[in-house]
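What follows is a set of notes on a single structure, which appears directly below.
Please treat every number below as a calculation from the coordinates, not as lab data. All figures in this text were calculated on a predicted structure; none of them were measured in a lab. Ideal geometry is used to build each Cβ from the backbone, glycine not excepted, and the neighbour counts take in all protein chains shown.
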Amino acid sequence: MKSIKSKNKKPFLNYLFLYNVFSCFGWIAIFFYTFIQQRKFISNYYGVISLLKYVQTFAILEILHAGLGITSSSVIITTIQVASRLLLCWGIANAYPDIVLKSSAFFSMSYAWSITEIVRYSYYANNFKENTCFLFLFLRYNLFFILYPLGTLSEMWLIWKLLPYINDTQRVYSLILKAILVIYIPGFCVMYSHMIFQRKKWMKSWKTKKAKVRFCFSIARVFSAILKQKVVAQKEGADSHALK
């Protein structure tokens, strides 16, 4: 979801800011809950699944945002991202928690999702300021190189691990999940390429801004050198006048 600063979207700016802030805190909670859950510091082993599914379900609003034009995000890409995660949250983690929680893939998926979303929502919330923090920009357009493949592989592994348990009892659902696994690979390529394209746009914009900053510094250095020469010339003139 891309934040919008145009005047016709002004009534939604406060809403979008709050949405990004609350979503960010939700994913921070998921990250720490996953950490605590993985080390079995809590007795409620299903708590992280409950938190994950509700916070992720909240992201359905992003499809609405894109569809209504409140944000400039692609409706298709947003729908694919949200739908695939809802499948993992409700169709797998919530439906088969005993199987899911035994797999390390669930925790790597949860970590990949939460870190990605913490950075993403922090970036969007910060984007409402005139000058976006460079750290958020850098993390937003670089962490996905690792986190996106990690999240995708974890999701695929969870689905694969579930299949032996449902092949005989839920054949239709098993076939659907197998078909989804086949779609995952080209889907990953499309989404990964999209992120790389977005990164290239950011890099081009950043290099342009960097060049402008360097140009300004160069101009400043030239003026500084000219002023310095004038000061030296005036000082030498004053010294020669004093000697006379």
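Where in region 50-119 are there helices (runs of 4 or more DSSP H), lying fully within it, with 1 or more residues that are on the phi < 0 side of the Ramachandran plot and among the acidic types (Asp, Glu)?
Answer list for region 50-119: 60-68, 97-100.
Kindly indicate which of LEU153, LEU68, LEU52 is surrounded by fewer than 18 Cβ atoms within 10 Å (Cβ to Cβ) and under 22 Å from GLY187 (Cβ atoms).
LEU153
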Handout entry: Residues that are closer than 24 Å to TYR111 by Cβ, among the aromatic types (Phe, Trp, Tyr) and over 17 Å from the mean Cα position of the chain (by Cα), drawn from region 166-199
Key = TYR184
Practice task
Test TYR96 against the criterion of being within 14 Å of the chain's Cα centre (by Cα), surrounded by 14 or more Cβ atoms within 10 Å (Cβ to Cβ) and not polar (S, T, N, Q), and give yes or no.
Solution key: no
Handout entry: Index of the failed condition, ILE146 passing every other in (1) within 14 Å of the chain's Cα centre (by Cα); (2) among the β-branched types (Val, Ile, Thr); (3) crowded, with 16+ Cβ neighbours inside 10 Å
Key = (3)
Problem - Complete set of residues in region 120-150 that are part of a loop (DSSP other than H, G, I, E, B) and under 21 Å from VAL190 (Cβ atoms) - result: TYR141, ASN142, LEU143
Completion exercise
Checked LEU51, LEU87 against criteria (touching a residue at least 60 places away in the same chain (Cβ under 8 Å) and either under 25 Å from TRP157 (Cβ atoms) or of a type in the set (D, E, K, R) (or both)); the one match is LEU87
